[in-house]
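Following: one structure in structure tokens, then a few remarks.
The values are calculated or read from the model by the stated rules, or taken from the named source; none is laboratory data. On a predicted model such as this, the values are computed, not experimentally measured, just so you know. Cβ placement follows ideal geometry from the backbone for every residue including glycine, while neighbour counts extend to all protein chains displayed. Heads up: the accessible areas ignore ligands, DNA and RNA and are worked out on the full protein's heavy atoms, side chains in. Shrake-Rupley method; radii C 1.70, N 1.55, O 1.52, S 1.80 Å.
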Amino acid sequence: MLERSFRLPSRTRFHNFQLIKTPYFVLKVAKNDLPVSRFGFIVSKKVSKLAVDRNRSRRVLRSGIEEILDSILPGLDFLFMQTKNLREESTTEVKQLLKQVLSQKGYCK
């Protein structure tokens, strides 16, 4: 579970953001004026009608972020909007995708 300081509040609005598209999620990244990076996760019912699947997807993404949290640059807001169900994917594959995408764009050391 991510600590409260790393969670993105629902009232946060993104201005001047960068959009990154992957096969499984769309990622919005914007700067904040805080010493930590914050993360939010959205999984709509279009991805899966079952709450079990949506919750599992959030947990998999969160655990991937928790593993690479030390290497992510501070002062950024990340919003993950899932576009495809992660039910069939293993957690290691998702974590590798997260690491690859964030390091490619320069958000990860």
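Can you name every residue in the range 49-78 that is part of a strand (DSSP E or B) and over 20 Å from SER10 (Cβ atoms)?
Listed by number, the list holds a single entry, ILE72.
Give LEU34, LEU27 a once-over and let me know the one that is in contact with a helix residue (DSSP H, G or I) (Cβ under 9 Å, 6 or more places away or on another chain), open to solvent by 50 Å² or more (accessible area, probe 1.4 Å) and touching a residue at least 40 places away in the same chain (Cβ under 8 Å).
Values: LEU27 fails: open to solvent by 50 Å² or more (accessible area, probe 1.4 Å).
None of the other options fit; the residue is LEU34.
Go over the candidates ARG87, ARG54 one by one and state the one that is open to solvent by 40 Å² or more (accessible area, probe 1.4 Å) and in contact with a Ser or Thr (Cβ under 8 Å, 6 or more places away or on another chain).
ARG87
List the number of the failed condition for MET81; all other conditions in (1) open to solvent by 40 Å² or more (accessible area, probe 1.4 Å); (2) within 19 Å of PHE6 (Cα to Cα); (3) part of a helix (DSSP H, G or I); (4) not β-branched (Val, Ile, Thr) hold.
Only one criterion in (1) open to solvent by 40 Å² or more (accessible area, probe 1.4 Å); (2) within 19 Å of PHE6 (Cα to Cα); (3) part of a helix (DSSP H, G or I); (4) not β-branched (Val, Ile, Thr) is unmet by MET81, namely (3).
Okay, residues lined up against (1) on the phi > 0 side of the Ramachandran plot; (2) within 10 Å of the chain's Cα centre (by Cα); (3) of a type in the set (D, E, K, R):
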residue: LEU8; (1), (2), (3): no, no, no
residue: TYR24; (1), (2), (3): no, no, no
residue: GLY40; (1), (2), (3): no, yes, no
residue: LYS49; (1), (2), (3): no, no, yes
residue: ASP70; (1), (2), (3): no, no, yes
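Do we find a residue being among the charged types (D, E, K, R), open to solvent by 50 Å² or more (accessible area, probe 1.4 Å) and touching a Lys or Arg at 6+ places or on another chain (Cβ under 7 Å) anywhere in the range 42-50?
no
Considering only the range 1-48, give the strands (runs of 3 or more DSSP E) lying wholly within it that have at least 2 residues that are within 19 Å of LEU69 (Cβ to Cβ).
Of the strands (runs of 3 or more DSSP E) lying wholly inside the range 1-48, those with at least 2 residues that are within 19 Å of LEU69 (Cβ to Cβ) span 25-31, 38-42.
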